[in-house]
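The structure appears right after this line, and notes come after that.
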Amino acid sequence: MVSKAVLVEIQPQLTATKVLLERVFANPKIEIQCGARIESIRGGERVEAIEVVELKTGKRILVDANGILVHIGIEANTNYLKGILPLDAKGQILVNERMETEVGGIFAAGDIRHNSPWQISTAVGDGATAALSLQRYLLTLKD
Ligand SMILES: Cc1cc2nc3c(=O)[nH]c(=O)nc-3n(C[C@H](O)[C@H](O)[C@H](O)COP(=O)(O)OP(=O)(O)OC[C@H]3O[C@@H](n4cnc5c(N)ncnc54)[C@H](O)[C@@H]3O)c2cc1C
């Protein structure tokens with residue numbers, strides 16, 4: 001959609017799936033800047049440039065830009081669960097293989113659960129597993 005895109009990555013190399021990397025490398029519109037950090041965004045009402053710093057050399061480069069898309073890491077939105085459910089160090093919910101938490105009747109599925117592979121297919125599978133566990137749980141309440 002754009003004439004040029006600059007991908008700035010703080011790690012020394014990109015770490016995505018090989019097939020996706022090959023697509024990026026083959027696209028002549030995409031310029032890759034690894035081992036670099038965005039220091040500032042320049043402009044007034046609109047973005048005009050980004051200031052990029054090369055980590056090894058400390059060299060600063062001003063890159064003309066009309067826009068910026070930020071995607072830095074993933075943080076679990078689970079602060080509200082602290083003290084209610086056991087969470088791991090990253091804030092993801094601890095579950096067993098049935099997607100059950102330590103609290104009866106509360107299940108977790110998808111990206112939010114501990115050790116999730118962060119894939120659509122696994123999130124869907126987790127959801128099915130959690131639903132079956134919920135069914136089992138409800139049956140225990142019947143008696
Ligand atoms: C840029 C990017 C690219 C990706 N590419 C792929 C890919 O190619 N293949 C692949 O398999 N996976 C990919 N993924 C991962 C995939 O999107 C996730 O694994 C999947 O969406 C997880 O599903 P989920 O239902 O667990 O979480 P989400 O899809 O994140 O759904 C969680 C929902 O809960 C809502 N929510 C959050 N907090 C609350 C709250 N307190 N109360 C109510 N609702 C709340 C959110 O708004 C959201 O709608 C990608 C992810 C990203 C970010």
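Every number in this text was worked out from the coordinates using simple rules, so none of it is lab data. Worth saying up front: this structure is predicted, and the values here are computed from it rather than measured. As a convention, Cβ positions derive from the backbone with ideal geometry for all residues, glycine included, and neighbour counts pool all protein chains shown.
Straight-line reach from residue 82: taking Cα to Cα under 16 Å and skipping same-chain neighbours fewer than 8 places apart, the lysines in range are 90. Which loop-located GluC sites (Glu not before Pro) does region 51-143 contain, where loop means any DSSP state but H, G, I, E or B and the Cβ has at most 12 other Cβ atoms within 10 Å? Those satisfying the criteria are 75, 97, 102. Summing +1 for each Lys or Arg and -1 for each Asp or Glu among the other residues whose beta-carbon sits under 14 angstrom from that of residue 134 gives +1. As I understand it, the value is the acute angle between the Cα axis of helix 120-142 and the longest principal axis of the Cα atoms of the chain; what does it come to in degrees, rounded to 10? That helix lies at roughly 20 degrees to the long axis. A Gaussian network model of the chain, with springs between Cα atoms under 10 Å, assigns the largest mean-square fluctuation among 89, 123, 49 to 89.
Here is how the number arises for the chain: DSSP H runs of 4 or more residues each give -39500 (n - 2.57), the sum is divided by the residue count, and the result at 222 nm is -7500 deg cm²/dmol.
Taking label points 7 Å from Cα along the Cα-to-Cβ direction, residue 57 and residue 70 give a separation of 2.7 nm. Here is the tail figure for the chain: Cα pairs spaced more than 17 Å apart come to 72 percent of all pairs. Rounded to 0.05, the FRET efficiency of the residue 30 and residue 102 pair, given R0 = 30 Å and the Cβ-Cβ distance, is 0.10.
Applying the criteria of a DSSP loop state and at most 16 other Cβ atoms within 10 Å to the trypsin sites (Lys or Arg not before Pro) of region 1-70 yields 4, 29, 46, 56, 59.
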